[in-house]
1. Looking at the structure I just gave you, is residue 56 aliphatic (A, V, I, L, M), touching a strand residue (DSSP E or B) at 6+ places or on another chain (Cβ under 7 Å) and not assigned by TED's automatic domain parsing to the domain that holds residue 190?
2. Within region 148-189, count every residue that is among the polar types (S, T, N, Q) and in a helix (DSSP H, G or I).
3. Do the conditions hold for residue 303, that is, is it in contact (Cβ under 8 Å) with a residue 60 or more places away in the chain and in contact with a helix residue (DSSP H, G or I) (Cβ under 7 Å, 6 or more places away or on another chain)?
4. Given the criterion crowded, with 16+ Cβ neighbours inside 10 Å and within 20 Å of residue 400 (Cα to Cα), identify the matching residue among 311, 274, 317, 290.
5. Please go through region 285-321 and give me each residue that is among the hydrophobic types (A, V, I, L, M, F, W, C), under 16 Å from the mean Cα position of the chain (by Cα) and part of a helix (DSSP H, G or I), ordered by number.
6. Going through 279, 248 one at a time, which residue ends up being surrounded by fewer than 16 Cβ atoms within 10 Å (Cβ to Cβ), more than 25 Å from residue 226 (Cβ to Cβ) and among the small types (Gly, Ala, Ser)?
7. Hey, residue 384 hits all of (1) surrounded by fewer than 21 Cβ atoms within 10 Å (Cβ to Cβ); (2) of a type outside the set (Val, Ile, Thr); (3) closer than 30 Å to residue 434 by Cβ; (4) out of contact with any Leu (no Cβ under 8 Å at 6 or more places or on another chain) but one; which does it fall short on?
Amino acid sequence: MAISDLRKSLIQLLTLVAAERQSDCVDLYPSRAIGWHVPDDLLTRDTDVSNIYLQLTHKESTAYFECWRLLMREVEEGVLEHMDERELRALLQRTVSEVWLDRDVHNPTTIRSHAKQFLEEHSRTPATWSVLWEIRHLALEGKIQVGNVEFLVFNPSRDIPWLDLNDHPMADQVLFLRDAVFAQMQTTAGTYKKAIERAQPMIDDALAILRVAMSSLRFLQEMQRLQRRGIHCFAWTENGQFESHMGSYRAFEAVDLTLRDTTLSVVESQLKDLRFLFSNRMPAPLKDQLVRATIYIGSSMTRDNLDLRILDLTTSLESTLCARSDPLKAQTVSLRYLLLITSIGKASYVVHPFDLYYLYLMRNDLVHGSARRIGTEDAYRALRYVARDSVERTLALAQERPELKKLSHVFGYLQRPENIESAMDFISRHNAGDKAVADVRKLAESWLSKSN
């Protein structure tokens, strides 16, 4: 189904490009355009110009971005996993350029042939990879099977026979690992990098289940159940063209840091934004709430699991933007953040309030157990920014308005009718069919009716 959708999308894109006749028409204000220079080697075909910049706008650009989204889905998990994003973009743009240059001779049959050729040339079924990964703080006699992961005592000649220990520059390091415990499992992936990325959570999950099994050993101390992946790993393909790798990956642990010169100046400058948090003029109830919120932000940076980072940061947002009695947390966080950025400091944002709505909903999936491993670096950085921005803007508001001594006072100030009406004007400029927009508007209307 995914490939079928991609083929249809590519055909639609090429059809629109081939139908374009006004090559000299330039859209000065494209809503969402994409453009590139046509590859030089394509311009040798009966063209009398040496440089063409091809720009897609309107329907063509929409079709391009949809096709690119589906291509990237296959890069992430599918028949294009082996491809680099930059390489794939160049190939797509070359194909579009070819069709555009020959648009006068193309018809639906040739367009379908072009799309089919593109996908057949570049698609590849992901290979099956075996992965061996060192496990720290565990000794073992025999083997233990946890789901699809096997914990075993490493024997290089038995477990990685493809590596010549008599003629390999890293042989001494490999032999040093003899009798260490390793986790072994298989996964499908288009590249070594993706095989490693997929092996990590599977091995971590197996370790978590192993700890649960060890919890019945009451004589063990908690510190004896802290097994972790080590830095050494091996991976090789089990089918298709043989490929093997050995590598090392540093665990998520502290690296020494020295603050000096520019880095010290930046940190000192950033701390100034938080100095009112420790002022004697800061009301204790509001101070306690904002200190907790700030500590949750700092705590999120120590987590090696993105899901846990998301939970810390959504807890921080709740500490700053929610009361315990607020029933609709995602709508409340989004609307109060919108009111905050329009009421104090510059009325600007890096993370859109409606994007915040969807980011917060990740918390519900994690807490209620309906999903896991859904945290991403982008989501983490966006939530961290909003959590910190919320604390700093609330601090600025408390400093500007000393009568606001509790978080409830801050909420009362933000939810004045004129502020909510301003927020309603902002909301009205967005797509009413979007769930975030509709839910936040409904809450804003409810607050406005109560304040009048």
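The values are calculated or read from the model by the stated rules, or taken from the named source; none is laboratory data. Since we're looking at a predicted model, the values are computed, not measured. Reconstructed Cβ throughout: ideal geometry from the backbone, glycine too, with neighbour counts over all protein chains shown.
1. Spelling it out, residue 56 is indeed aliphatic (A, V, I, L, M), touching a strand residue (DSSP E or B) at 6+ places or on another chain (Cβ under 7 Å) and not assigned by TED's automatic domain parsing to the domain that holds residue 190.
2. So in region 148-189, the residues among the polar types (S, T, N, Q) come out as 148, 155, 157, 166, 173, 184, 186-188.
Keeping just the survivors that are in a helix (DSSP H, G or I) gives 157, 173.
Number of matching residues: 2.
3. Working: in contact (Cβ under 8 Å) with a residue 60 or more places away in the chain: no; in contact with a helix residue (DSSP H, G or I) (Cβ under 7 Å, 6 or more places away or on another chain): yes.
Criteria not met by residue 303.
4. 290
5. Scanning region 285-321 gives 306, 308, 310, 311, 313.
6. 279
7. Exception for residue 384: condition (4).
Here's the yes/no breakdown for (1) in contact with a Gly (Cβ under 7 Å, 6 or more places away or on another chain); (2) within 21 Å of residue 242 (Cα to Cα); (3) outside the structural domain of residue 202 (by TED's automatic domain parsing):
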site	(1), (2), (3)
134	yes, no, no
165	no, yes, no
180	no, no, no
186	no, yes, no
